[in-house]
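The values are calculated or read from the model by the stated rules, or taken from the named source; none is laboratory data. Because the structure is predicted, anything quoted here is derived from the model rather than measured. Glycine also receives a Cβ, built like all others from the backbone with ideal geometry; neighbour counts cover every protein chain displayed.
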Amino acid sequence: MVAIPQLPSVQTEEIDDSSKASPFVKWAGGKRKLMPQFEPYFPKSFQSYHEPFLGGGAFFFHLQPRHAVLSDINHRLIETYEAIRDDLPSVLERLHYHRRRHSKEYFYSCRQQLNKGDLLLKSDRAALMIYLNKTCFNGLYRENSKGEFNVPIGRYKNPSIYDRENLTTVHNHLQNVELRVASFELVLERAKPGDFVYFDPPYVPISATSSFTNYSKDGFSAAKQHLLAEVFRKLAERGCFVMLSNSDCGFVRELYRDFRTETVTAARSINSRAKKRGAVNEVLVMSW
């Protein structure tokens, strides 16, 4: 085990459930429903919070840290967070527009527009991102080799496209939060002793039909899993509180054999075949 130095206690603010935001996008591997299982393992206190695979941000919204650096390699995702933080009225206006016009033809027109979005305002692109996420198949985000969002329309009778109350709460929580488009290893430039770092990378596939790493056109290889394990170790040696989620398999357990591991159970729905979805074990790795 890597020893964590004794650090001054810096308490986080108490969580007020009445003002807690929920993830505003559905993201593969989202952790919102797992919070009761994770809660006993959170550090009692920490300074800044870092989440280099932001996705839906369930950990961030649950913890409500005083200071956070949130990052992801997906530039569309990060600029959506930025637009909600910096220009929420415009995002809400566009979402209201999309809600009124939703149809199959409109969905595919918007998907094409998102993939050619350089001429749009950031708030326009953010609203398109949210609209497509709420109406696409299984709430999935996936890119092809050209970096184009290519998920087909889902089968929803009444998709929740416009959630003003939650987006307003999200906006409030994002004030004074630093958002970055960055690869996970760049957390080494920011994290300091006493900080809490949570990694939720694309998971190691545990079967031939479960592989899903195309959140971006570059995917997430075994070499990147090894690099991530090295970053985890460096942060632990620095004196950070480091936590990581991944598949419960021999490859992952070997990568993190020097650290504490716990098993949690998650319901997953990424598999295209409904009968293959269901409860699976995940491993939770901690540096303390």
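Which residues, counting only those in the stretch 82-93, are within 23 Å of residue 180 (Cα to Cα) and without any contact (Cβ under 8 Å) to a residue 40 or more places away in the chain?
Listed by number, the residues that qualify are 86, 87, 89, 90.
Would you mind stating whether residue 141 is in the same structural domain as residue 233 (by TED's automatic domain parsing), in contact with a Phe, Trp or Tyr (Cβ under 7 Å, 6 or more places away or on another chain) and either in a helix (DSSP H, G or I) or on the phi < 0 side of the Ramachandran plot (or both)?
The answer is no for residue 141.
So for the stretch 260-276 (the condition being farther than 17 Å from residue 29 by Cβ, over 22 Å from the mean Cα position of the chain (by Cα) and either modelled with pLDDT of 95 or more or outside the structural domain of residue 28 (by TED's automatic domain parsing) (or both)), does at least one residue qualify?
Within the stretch 260-276, one or more residues are farther than 17 Å from residue 29 by Cβ, over 22 Å from the mean Cα position of the chain (by Cα) and either modelled with pLDDT of 95 or more or outside the structural domain of residue 28 (by TED's automatic domain parsing) (or both).
What residue, of 131, 203, is part of a loop (DSSP other than H, G, I, E, B) and surrounded by 14 or more Cβ atoms within 10 Å (Cβ to Cβ)?
Sole residue among the options that is part of a loop (DSSP other than H, G, I, E, B) and surrounded by 14 or more Cβ atoms within 10 Å (Cβ to Cβ): 203.
Those residues that are part of a helix (DSSP H, G or I), surrounded by fewer than 19 Cβ atoms within 10 Å (Cβ to Cβ) and β-branched (Val, Ile, Thr), I need them from the stretch 144-194; list them, please.
168, 169
Is there any pair linking a residue in the stretch 94-117 that is part of a helix (DSSP H, G or I) and modelled with pLDDT of 95 or more to one that is of a type in the set (Phe, Trp, Tyr) and surrounded by fewer than 17 Cβ atoms within 10 Å (Cβ to Cβ), with Cβ under 8 Å and at least six apart or on different chains, and which?
Within 8 Å, the pairs are 98/106.
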